[in-house]
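The values are calculated or read from the model by the stated rules, or taken from the named source; none is laboratory data. As the structure is a prediction and not an experimental result, all values here were calculated from the model. Methodologically, a virtual Cβ is constructed for each residue, glycine included, from the backbone with ideal geometry; neighbour enumeration extends over all protein chains shown.
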Amino acid sequence: MAFTNCTLGHGSWSSCRLSGVALRSCDLSDLELESCRLDGADLRGSRLQHFRTPLDNLHGVALGADQLSDLTRLVVEALSIVVRADG
C-alpha cells in the first residue's frame, strides 16, 4: 500500500499496523502513533516535524538524509537526553 503527497498529521493513531507501507512525501507533522508498527515502512520525503512515536515502532523504516534531524529530535526526547551549551 502506498500514500503519496497526502496529509496525515495533526492527529493521534493507536493500535495500527503499517508494516511495509509507503508514506512518501506525506505531511506527518504533529502525528502521534501509539502501539503502531511501522516495520519496513518507507517514510522518505515525508515531513516529520513534531512526529511522536515510541522508537521501537520505527524498526527498519526507510528515511532520507534530510530527515535525520527529526529522527535525532525523536531519539533525544525518547531517551530524555539533556543537551547543554558549553560553558
Revision key, fill the gap. Within the stretch 25-46, residues being of a type in the set (Lys, Arg) and modelled with pLDDT of 95 or more number 1
Review point. Would you say Ala22 is in contact with a Gly (Cβ under 9 Å, 6 or more places away or on another chain) and either surrounded by 14 or more Cβ atoms within 10 Å (Cβ to Cβ) or without any contact (Cβ under 8 Å) to a residue 24 or more places away in the chain (or both)?
Key: no
Review point. Among the residues of the stretch 45-87 satisfying the criterion of being closer than 21 Å to Ala2 by Cα and of a type in the set (Ser, Thr, Tyr), which is surrounded by the fewest Cβ atoms within 10 Å (Cβ to Cβ)?
Key: Thr53
**Study point:** Verdict on Gly9 being in contact (Cβ under 8 Å) with a residue 24 or more places away in the chain and of a type outside the set (S, T, N, Q)
**Key:** yes
